[in-house]
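Undergrad: For reference, the structure I am asking about is given below.
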Amino acid sequence: MEKVYRIDGMKFFAIIAIFFIHFSVFQYFQGDPTHPLYLFFNSVSRFAVPFFFIVAGYFFHHKVQQQGWRYTQRYISKLC
């Protein structure tokens, strides 16, 4: 499969968003959940986790289409 540069670019922004979620950037607002910047960063950053699930599913589906059931069996056996 060819490298998808658009997905790589989005992964960069998703990594930054995960950083904002886990980093104590919100301490600067003293944890005030009504502060506009707190609400903005918290809301915008929440796209990252679903994005990674969707990207993983996209690549898994592509591999299954290429290699079939054998790939799924190997993938599941690695998880167990």
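Laboratory data are not the source of any read-out in this text; all were calculated from the coordinates shown. Computed from a prediction, not measured in an experiment: that's the story for all the values here. When we count neighbours, we look across all protein chains shown, and the Cβ atoms used for this are built from the backbone with ideal geometry, even at glycine.
Undergrad: Quick one: how many residues across the stretch 28-78 are without any contact (Cβ under 8 Å) to a residue 24 or more places away in the chain, more than 27 Å from residue 17 (Cα to Cα) and of a type outside the set (D, E, K, R)?
TA: 11
Conditions tested, residue by residue: (1) at negative phi; (2) outside any helix (DSSP H, G or I); (3) of a type outside the set (Asp, Glu); (4) surrounded by 12 or more Cβ atoms within 10 Å (Cβ to Cβ).
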site: 2; (1), (2), (3), (4): yes, yes, no, no
site: 14; (1), (2), (3), (4): yes, no, yes, yes
site: 42; (1), (2), (3), (4): yes, no, yes, yes
site: 57; (1), (2), (3), (4): yes, no, yes, no
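Undergrad: Which of the numbered conditions does residue 38 fail, given that it passes all the others? Conditions: (1) over 18 Å from the mean Cα position of the chain (by Cα); (2) part of a loop (DSSP other than H, G, I, E, B); (3) of a type outside the set (A, V, I, L, M).
TA: Checking residue 38 against (1) over 18 Å from the mean Cα position of the chain (by Cα); (2) part of a loop (DSSP other than H, G, I, E, B); (3) of a type outside the set (A, V, I, L, M), the one that fails is (2).
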